[in-house]
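A short worksheet on the structure shown next.
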Amino acid sequence: VDIMEFRTLVNIASARAKFKKVKKLSRKSTITNIRASFNSATGRPSCDITEQCGDDDESRKLSEVTREDPFPREDPFPMIVEEGTKHKGNRLLPRTYQEALPSKSQAGDGSGDADTRAIVVTEAKHPFAVVGCNKPWEDLCGFDESEAVGAPMSKLIQGPKTNREGLKKSMNELIGGADYVECETINYRKDGSTFKNFLQMGPLYDDNAEVDEEKGEREVAYFVGILKNIGELAQSMSEEDWEENKNLVVS
């Protein structure tokens with residue numbers, strides 16, 4: 001390789017490295033903007049950080065921005081201990097019917113639906129008929145509680161595109177004693193429109209039930225499901241970016 005060819009190869013390598021750096025910064029900026037828009041719409045709190053990347057002025061201009069930190073340094077899924085149980089998630093799943101649907105169990109105290117997540121409570125056995133739900137669930141799925149109670153989930157919000165295998169696996173794990181399961185699926189609203197749902201589920205216990213001496217725990221009274229519409233956000237990101245960052249989005 002003569003000196004001219006060597007210099008050409010060096011220039012090509014340098015150009016490629018610079019292109020990759022700018023592309024990476026651009027992708028992170030896109031993710032940040034999507035996250036900021038999502039958090040603004042949902043009212044989630046944000047914190048400002050200033051991050052510096054690269055050595056040239058152009059890189060600093062792209063990376064030295066005040067923004068919410070989309071990549072927290074702490075574990076996004078810490079193990080949380082609650083009443084002797086452990087499960088994943090930044091926010092605890094409800095553990096009793098009263099926690100899941102406080103406005104239904106504390107009628108007249110003015111508390112209303114304190115949780116803004118879409119929550120539905122079902123029986124703990126097949127066909128998992130609805131026992132109750134909150135207003136965010138009604139708004140997301142299009143059914144009033146009076147229409148949903150008594151109906152199995154399979155007939156309410158499931159359809160041809162629903163991830164039935166994933167749901168079956170999750171329900172079998174719950175029945176088998178798991179205290180946290182999750183599943184991505186497509187669900188259907190009352191009007192027939194679909195949404196991509198990140199579903200988190202767990203058992204609910206009766207506060208008044210006695211502890212089973214043999215099992216060392218209370219009997220499961222119901223199952224709770226928390227629905228999160230991730231369709232619009234997921235569609236705004238590449239498949240690679242979504243798979244890499246979905247746990248931060250849904251936490």
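Nothing in this text is a laboratory measurement; each read-out follows from the coordinates by a stated rule. Because the structure is a prediction, the values reported are computed rather than measured. Neighbour counts run over all protein chains shown; Cβ positions are idealised from the backbone, glycine included.
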- Message: Taking 25 Å as R0, compute the FRET efficiency from the Cβ-Cβ separation of residue 155 and residue 193 and round it to 0.05.
- Response: 0.90
- Could you sort out which of 24/228; 155/196; 196/228; 161/228; 169/190 sit more than 19 Å apart by Cα distance in this structure? 24/228; 169/190
- Query: Fully extended, how many nm does the chain gain between residue 164 and residue 146 (0.36 nm per residue separation, minus their Cα-Cα distance)?
  - Reply: 3.9 nm
